[in-house]
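The values are calculated or read from the model by the stated rules, or taken from the named source; none is laboratory data. Predicted model, so just to flag it, every value in this text is computed and none were measured. Here the Cβ positions follow ideal geometry from the backbone for every residue, glycine too, while neighbour counts run over all protein chains shown. We work out accessible area using only protein heavy atoms, side chains counted, and drop any ligands, DNA or RNA first. Shrake-Rupley method; radii C 1.70, N 1.55, O 1.52, S 1.80 Å.
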Amino acid sequence: MEKLAKDLDNAVEFIKLAERIRIFSHNDADGISAAGILCNALLRKNKRCQITIIKSFDKNILNGVSKDELVVFCDMGSNDIEDISSTGLKAVILDHHIFDKKDDYDNIVHINPYFYGIDGSKELSASGVSYFLSKKLGKNEDLSYLAIVGAIGDKQDLEKANEIILNEALKHNLIEKRRNIKLSGEDLLTGLVHSIDPYFDFSGDETGVKSFLDRLNIKHDKKIYNLSKEEIELLFKSLIKMLPDNLPDEVKNCIVGDTFFMKEGHIKNLLFLVDILNSCGKMGKSGLALSLCLKGKYKSKDETIIPYHNSEEFLNNLKEAERYTSDFKISVIKEVKNAKTRLKKRKNLQYIEIDKEGITGEVASTIIRYISPDLPIFVINKANGDGEIKISTRGTRSLVKKGVDLAKVTKISAKKVGGRGGGHNIASGASIPSDKEDLFLDIADDIIKRQMGL
């Protein structure tokens, strides 16, 4: 960790010298959490910043950045370092994705868990890297819960580097850990109706969920954080029966486990905050999501100084964000409902085509975990209409153990058809020309075959 500390110190020096700071971050829960952490830390140092949340890196986003600005990339940049360096801009990269090689550039501080023997796919996410940087900027331990939000959003283990952050959040009484049903939302009805992880046949069906809860004699509006041990066990035994028999134990065991609840504030369930940030980010409402990460004081209409999370502005933003979250989850559920009839298979992968923006990754994750876990899933989104199609791929830990590395699959396959791709071994993505779908799948199928030694 000595090398990490040195690199973080170098990043702090870049920040101290910067007159203006531009932050570009990814539009998922991890990227938004990372940007939120950094924004809070910078404001506390009286450093103003401008944040732009984007789907993926594109060199063109730097055209409007002036030479006297420091550019910070969160949850992206490791595989784009040559493009970034070529602009001559001073930059800090806070990423956790697998990269081809590490080159040193005088104008860039590049921080990635893999440099320090930390697995960026499961032990430290971008928000965790951002949090470690925030601690170098000042006393920012109260932001640790946001790093946990990012790690959960990227489905990481809360072990090793992530566990250090988790323990700080627990120590500072920001969150509490309980064994509970792992549902998003605050009440059972909302949590089950909008549930995509875990996904059930009655997901999206309010009447079906009400009937289920009535049979168990549990109130529809029961708060998840107020469930008794008996209710948790009853729900677990009932819900696990509703999952397909062919699902791996790692999925079935995720229904109940360690869950985290905020000690203060209007969002209690940390899983709900994860979903809110992710849903708003994917629906183009990243500013709304980012506002829910902000801390500090707020002057109310009567000139009273109150915590921002108790302000009318925050509460209105939260209500609006909850509506977008509901719409997003229902959109995912609708796509997943008929996935079985639309799934197409090659020898070593399966794929499905959709035409709604923003939900590709969630559809892929839900299918691989709860519908068809035997082969890597490729969800192909043709909704952009810009001559490109977006592809999200997901695997399972079992497939990874057999040799599947989707980061390499998407990177190589996309490059061969004139696109770009990359990510993690278990979850990755690509953008390719719209007329190259079949060729991309042919190449990917062959690579997976070789990775699994078939």
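Entry remark, segment 380-407: residues being out of contact with any strand residue (DSSP E or B) (no Cβ under 8 Å at 6 or more places or on another chain) and free of Cβ contacts under 8 Å to residues at least 60 places away in the same chain number 9 in total.
Report whether or not Lys297 is over 21 Å from Asp205 (Cα atoms), open to solvent by 20 Å² or more (accessible area, probe 1.4 Å) and either of a type outside the set (A, V, I, L, M, F, W, C) or without any contact (Cβ under 8 Å) to a residue 12 or more places away in the chain (or both).
On the way: over 21 Å from Asp205 (Cα atoms): yes; open to solvent by 20 Å² or more (accessible area, probe 1.4 Å): yes; either of a type outside the set (A, V, I, L, M, F, W, C) or without any contact (Cβ under 8 Å) to a residue 12 or more places away in the chain (or both): yes.
Criteria met by Lys297.
The strands (runs of 3 or more DSSP E) falling completely within segment 1-120 that include 1 or more residues that are open to solvent by less than 10 Å² (accessible area, probe 1.4 Å) map to 20-26, 69-74, 90-94, 108-111. Residues that are in contact with a Phe, Trp or Tyr (Cβ under 9 Å, 6 or more places away or on another chain) and either basic (Lys, Arg) or modelled with pLDDT under 95 (or both) occur at least once in segment 38-57.
Can you name the residue in segment 244-285 that is of a type in the set (D, E, K, R) and within 22 Å of Lys55 (Cα to Cα) and, of all such residues, is farthest from the chain's Cα centre (by Cα)?
The first filter runs over segment 244-285 and keeps only residues of a type in the set (D, E, K, R), leaving 245, 249-250, 252, 258, 263-264, 268, 275, 282, 285.
So of that shortlist, the ones also within 22 Å of Lys55 (Cα to Cα) come out as 275, 282, 285.
Details: Asp275: 9, Lys282: 10, Lys285: 15 Å.
In this case the residue turns out to be Lys285.
Between Ser184, Ser195, the distinction of being polar (S, T, N, Q), surrounded by 19 or more Cβ atoms within 10 Å (Cβ to Cβ) and under 21 Å from Ser372 (Cβ atoms) belongs to Ser195 only. Select from segment 391-420 the residues that are crowded, with 23+ Cβ neighbours inside 10 Å, over 17 Å from the mean Cα position of the chain (by Cα) and not in a helix (DSSP H, G or I) and list them in ascending order. Val404, the sole residue that qualifies. For segment 380-390, name all the residues that are open to solvent by 60 Å² or more (accessible area, probe 1.4 Å) and part of a loop (DSSP other than H, G, I, E, B). Of everything in segment 380-390, those that are open to solvent by 60 Å² or more (accessible area, probe 1.4 Å) and part of a loop (DSSP other than H, G, I, E, B) turn out to be Lys382, Gly385, Asp386.
Looking only at helices (runs of 4 or more DSSP H) that fall completely inside segment 138-205, which ones have 1 or more residues that are under 28 Å from Asn425 (Cβ atoms) and out of contact with any helix residue (DSSP H, G or I) (no Cβ under 8 Å at 6 or more places or on another chain)? Give the derivation first.
On the way: elements: 144-153, 161-171, 188-193.
Result: 161-171.
Cβ separations smaller than 6 Å between residues 6+ apart or across chains give the following pairs from segment 358-369 residues that are in contact (Cβ under 8 Å) with a residue 24 or more places away in the chain to residues that are assigned to a helix (DSSP H, G or I) and open to solvent by 10 Å² or more (accessible area, probe 1.4 Å): Gly358/Lys282; Ile359/Ser331; Val363/Glu335. Looking across segment 428-441, the residues that are in contact (Cβ under 8 Å) with a residue 40 or more places away in the chain and either under 15 Å from Leu349 (Cα atoms) or of a type outside the set (A, V, I, L, M) (or both) come down to Gly429, Ser431, Pro433, Ser434, Glu437, Phe440, Leu441.
Please determine whether any residue of segment 358-374 is aliphatic (A, V, I, L, M), in contact with a Gly (Cβ under 7 Å, 6 or more places away or on another chain) and open to solvent by less than 10 Å² (accessible area, probe 1.4 Å).
Step one: of segment 358-374, the residues aliphatic (A, V, I, L, M) are 359, 363-364, 367-368, 371.
Restricting the remaining residues to those that are in contact with a Gly (Cβ under 7 Å, 6 or more places away or on another chain) gives 368.
Pick out the ones that are also open to solvent by less than 10 Å² (accessible area, probe 1.4 Å) and you get 368.
For segment 358-374, residues aliphatic (A, V, I, L, M), in contact with a Gly (Cβ under 7 Å, 6 or more places away or on another chain) and open to solvent by less than 10 Å² (accessible area, probe 1.4 Å): present.
Of the numbered conditions (1) under 17 Å from the mean Cα position of the chain (by Cα); (2) open to solvent by 10 Å² or more (accessible area, probe 1.4 Å), Glu312 fails exactly one; give the number of that condition. The one condition Glu312 does not meet is (1). Would you pick out the residues in segment 233-268 that are in contact with a strand residue (DSSP E or B) (Cβ under 6 Å, 6 or more places away or on another chain) and open to solvent by less than 10 Å² (accessible area, probe 1.4 Å)? Result: Leu235, Thr259, Phe261. On inspection, Leu170 passes the criterion of being out of contact with any Pro (no Cβ under 7 Å at 6 or more places or on another chain), open to solvent by 50 Å² or more (accessible area, probe 1.4 Å) and among the aliphatic types (A, V, I, L, M).
Residues in segment 147-176 that are over 25 Å from Ser365 (Cα atoms) and basic (Lys, Arg): Lys171 only.
Can you pull out the residues in segment 202-215 that are farther than 22 Å from Ile276 by Cα and either surrounded by 14 or more Cβ atoms within 10 Å (Cβ to Cβ) or in contact with a Lys or Arg (Cβ under 9 Å, 6 or more places away or on another chain) (or both)? Write out each step before concluding.
Here is the first cut: in segment 202-215, the ones farther than 22 Å from Ile276 by Cα are 207-208, 210-215.
Gly208, Lys210, Phe212, Leu213, listed by residue number.
Quick check on my filter: what residues within segment 349-364 are under 14 Å from the mean Cα position of the chain (by Cα), hydrophobic (A, V, I, L, M, F, W, C) and not in a loop (DSSP other than H, G, I, E, B)? Please lay out each step first, then the result.
The initial filter retains those residues of segment 349-364 that are under 14 Å from the mean Cα position of the chain (by Cα), namely 358-364.
Still in the list and also hydrophobic (A, V, I, L, M, F, W, C): 359, 363-364.
Residues satisfying the conditions are Val363, Ala364.
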